[in-house]
Protein chains: 6
Amino acid sequence: MALMPFIEEADASPEVKAVYEDIKSTRKVDWINNFWKVLANDPATLKRTWEDLKQVMGPGTLDPVVKEMLYLAVSVTNNCEYCIVSHTAAARKAGMNDAMLAELVSVVGMANATNRMVNAYRVEPDERLVKAATGGKKK
Amino acid sequence: MALMPFIEEADASPEVKAVYEDIKSTRKVDWINNFWKVLANDPATLKRTWEDLKQVMGPGTLDPVVKEMLYLAVSVTNNCEYCIVSHTAAARKAGMNDAMLAELVSVVGMANATNRMVNAYRVEPDERLVKAATGGKKK
Amino acid sequence: MALMPFIEEADASPEVKAVYEDIKSTRKVDWINNFWKVLANDPATLKRTWEDLKQVMGPGTLDPVVKEMLYLAVSVTNNCEYCIVSHTAAARKAGMNDAMLAELVSVVGMANATNRMVNAYRVEPDERLVKAATGGKKK
Amino acid sequence: MALMPFIEEADASPEVKAVYEDIKSTRKVDWINNFWKVLANDPATLKRTWEDLKQVMGPGTLDPVVKEMLYLAVSVTNNCEYCIVSHTAAARKAGMNDAMLAELVSVVGMANATNRMVNAYRVEPDERLVKAATGGKKK
Amino acid sequence: MALMPFIEEADASPEVKAVYEDIKSTRKVDWINNFWKVLANDPATLKRTWEDLKQVMGPGTLDPVVKEMLYLAVSVTNNCEYCIVSHTAAARKAGMNDAMLAELVSVVGMANATNRMVNAYRVEPDERLVKAATGGKKK
Amino acid sequence: MALMPFIEEADASPEVKAVYEDIKSTRKVDWINNFWKVLANDPATLKRTWEDLKQVMGPGTLDPVVKEMLYLAVSVTNNCEYCIVSHTAAARKAGMNDAMLAELVSVVGMANATNRMVNAYRVEPDERLVKAATGGKKK
């Protein structure tokens, strides 16, 4: 029940079309998914969001499949259906198999559980853990 | 301001002590952090939570550093201070460096943003993405 | 798939009917939406919730469209479908146009992202910001 | 207990310094707050986040104080302390007074409550509300 | 670091004082806790919130200790420190002992975990469970 | 649109079948609900999750209906549809009637509201409440 119309490629303004073309060539796909078609109602937001995503999810230190799995872990925690579907698809494309997905789901479940167990008792971080977390940086 | 006392190793019952010893030998550390010391007020929960964590975070398909980074991504999304500190520390120990952490933070931020952009417009998953997400499994 | 039946106007008790009439006259509408029809299974909760909403969303310092947009920003963050739909409708009725909605979505996305970036690094508030946030009040 | 060091202006690389200068001139302030100093450990993320924020929170259709209040409403919902403090300060600077803040808090509280009441009974959006929410757009 | 001043009993207006007195007599305590002292900056919100809480947490079908434990379970899930502390205190006063708290923490952890496991796989409710959830009500 | 296939009883491996049988005999039901059928794609996770749930929701200090209501309160806060449906059903089976459900919904709504009101003003816990919350334990 999308609350804004989808801007199809055929109807796109040159500004939107340019982003669509970049999405397709960067991802090596021949179609545009609904998220971008809805964002295209506001071309500046479409462009900014795509540029951000391209930078954030692009080549870096982490393996692409790890980035997609991190994205998925957040989306599962927040229960965003579209994002879970699209990033499960993207993670699979990047190499995630069923066993890896099952491990991700176990870790996400466990983290959501222990986050609350810690909350309940107001446990303060151990000084040794704080030190280790900073990686030895001066604070 | 922990709301329950810490059960120190010296004061631990045999049941609690056995879990503490397993934590130390499994993790190859010589001390017990506060989370376990608080859970130890209820030995059955301590044992169950540790057994779960050992299984979930133990050897599997995913690299240990990836598991720790998934745990951290969830904890950052939920804003659990203790968990952020302890799993940043654990991820560093497993090999996460500053560049990897910065990428994780960028991905987690981006996912939390786009999750809401999708929510706002009630975008439904593209049929092609649903199919790809199932990995070709029969449904 | 509502888990409780809708109490239609025709079937409403006098107590429920009185609330329904107040909703219709306050909002200048001639129908009752599903949220109230479900709450009406417990007349006391229906009445309390409506009285609260009438006070909170009624005349005050903030423009009605701003109040509806704040309501929407929260609902988008929490991913409550019914609330997103109903408060997008209410905000539009109060004057929100497509451009304003697009800006709201961008702000909500950005806030959800930076909230987590701050969480991850455990950044403490600058003393100058704390002071400014109190508006110069004694603390 | 920030987990990464603050990059002070005096120690900033030219790339970081350029962003700092843009922050100061855009906001007409003479200092840099901790959020940016932590992000500066990764100059590309600093630059991207600042450019995004400048666009999203910059001149548009919504009044600056409304944008800051939307940011604050999200941050309160997510319980991000740094963000609540910094955006309460920013909203005050943009014109929010105590009465406006009190109304924001009431709206945010009310939205968080009714979001869950709707969740509990799985209320589906009324067709008339869906139509109104789309603003008459074709779907 | 409360962002608004506390309105102490000695400085309270008659309107605020009346609410304070009702809180003290209803709860049979001789002091006012910080939550109310901050809300008192906006007397209408103080009065509305207290009246709501008195109704919601007052005599009904559920045992007072159960109501306090439900309040605590939500607060732990949302990680609201003040609320966790104050409702742990209230639940203890109403009869919650250490064993009951430990069970609550285990249930809250488990629920937060399985909520995400379900999210990840987009499991749809079984028709039989939907039916049972409605309690045999017509839908 | 489950993203993984359901493992039906007829197709289950001996390891999965053993868990299914234990679920049925423990709960005195003659069928398996979808959650378990999806988890069964990873037998180790199925077994671990079921063993945990059996322990956490099994006989203890709290009444079974209270445990189910706590589970439901968390699921409503997180907006997990499957969990809301299944634990509303389970709570009804354990004795929750409409009036109890209505009270639960009111408490969950109220807690979600006041959690944010406290967040907004950064209210610190009163020393007396911290003391009461610890139940007189040494800290």
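Compute the helix-to-body angle for F:43-57: its Cα long axis versus the longest principal axis of chain F, expressed 0 to 90° and rounded to tens. So the helix axis and the longest Cα principal axis differ by about 50 degrees.
What is the local net charge at E:ASN33, summed over the other residues whose Cβ is closer than 13 Å to its Cβ (Lys, Arg +1; Asp, Glu -1)? Can you show the working numbers first?
Details: positive: E:LYS24, E:ARG27, E:LYS37, E:LYS93, F:ARG128, F:LYS131; negative: E:GLU8, E:GLU9, E:ASP30, F:GLU124, F:ASP126, F:GLU127.
Here the charged neighbours net out to 0.
In nm, one decimal, shortest first: how far is the label point of B:ARG128 (7 Å from Cα along Cα to beta carbon) from the matching points in the other copies? Values, ascending and in nm: 4.0, 4.0, 5.1, 5.3, 6.5.
Within a straight-line Cα-Cα reach of under 17 Å, F:LYS131 can be paired with the following aspartates and glutamates, leaving aside sequence neighbours fewer than 8 residues apart in one chain: A:GLU124, E:ASP30, E:GLU81, E:ASP98.
The alpha carbon centroids of the range F:34-87 and the range E:4-32 are separated by 42 Å.
Is there a quick way to get the dipole size of chain B? I mean about its Cα centre, with the Cβ of Lys and Arg at +1 and of Asp and Glu at -1; what is the value in debye to the nearest 20?
Working: 18 positive and 18 negative charges, 141 e Å.
That gives chain B a dipole magnitude of about 680 debye.
Mind jotting down the distance between the C-alpha centroids of the range D:103-139 and the range B:91-112, whole Å? Answer, in whole Å: 35.
Helix A:14-27 and the long axis of chain A differ in direction by around 50°, with both axes built from C-alpha atoms. Counting only Cβ charges, +1 for Lys and Arg and -1 for Asp and Glu, the dipole size of the range A:7-58 around its Cα centre is about 200 debye.
In percent, how large is the relative contact order of chain F, given Cα pairs closer than 8 Å and 6 or more residues apart? RCO, chain F: 16 percent. What the Cβ-Cβ distance of A:LYS131 and C:ASP63 gives, at R0 = 41 Å and to the nearest 0.05, is a FRET efficiency of 0.25. Think of chain C as having a plus end and a minus end, set by charges on the Cβ of Lys, Arg, Asp and Glu; of C:ALA90, C:ALA12, C:GLN55, C:GLN55 sits farthest toward the positive end of this dipole.
My understanding is that a pair violates if its Cα-Cα distance is over 24 Å; which of A:LYS54/A:LYS93; B:LYS17/B:LYS67; A:LYS54/D:LYS137 do that in this structure? In this structure, B:LYS17/B:LYS67; A:LYS54/D:LYS137 exceed 24 Å between Cα atoms. For the range A:7-58, the mean projected area of the C-alpha convex hull, equal to one quarter of the hull surface, is 3.2 nm². Kirkwood hydrodynamic radius of chain C, from the reciprocal of the average inverse Cα-Cα distance over all distinct pairs: 17.9 Å. Distance from the axis that maps chain B onto chain F is least for the Cβ of the chain B residue given, with the whole Å value, as B:ASP52, 3.
Considering the range F:61-139, its Cα convex hull presents a mean projected area of 7.1 nm². Rounded to the nearest 20, the Cβ-based charge dipole of the protein assembly as shown about its Cα centre (Lys and Arg +1, Asp and Glu -1) stands at 0 debye. Taking the Cα atoms only, what angle lies between the long axis of helix C:64-78 and the longest principal axis of chain C, rounded to 10 degrees? Computed tilt is about 80 degrees.
Net charge within 12 Å of E:PRO125 by Cβ-Cβ distance, Lys/Arg positive one each and Asp/Glu negative one each, not counting E:PRO125 itself? Numbers along the way, then the final one.
Values: positive: D:ARG122, E:ARG122, E:ARG128, E:LYS131; negative: E:GLU124, E:ASP126, E:GLU127, F:GLU81.
Result for the local shell: 0.
What share of Cα pairs, in percent, lie more than 48 angstrom apart in the protein assembly as shown? Walk me through the numbers before you get to the answer.
On the way: 49175 of 347361 pairs.
Looking at the protein assembly as shown, the distances longer than 48 Å represent 14 percent of pairs.
The residues B:MET57, E:MET100, when put in order of fewest to most other Cβ atoms within 10 Å, stand as E:MET100, B:MET57.
Just so you know, all these numbers are worked out from the coordinates, no wet-lab data involved. Fair warning: this is a prediction, and the values are worked out from it, not measured in the lab. Heads up, the Cβs are rebuilt from the backbone with ideal geometry, glycines too, and the neighbour counts pull from every protein chain shown.
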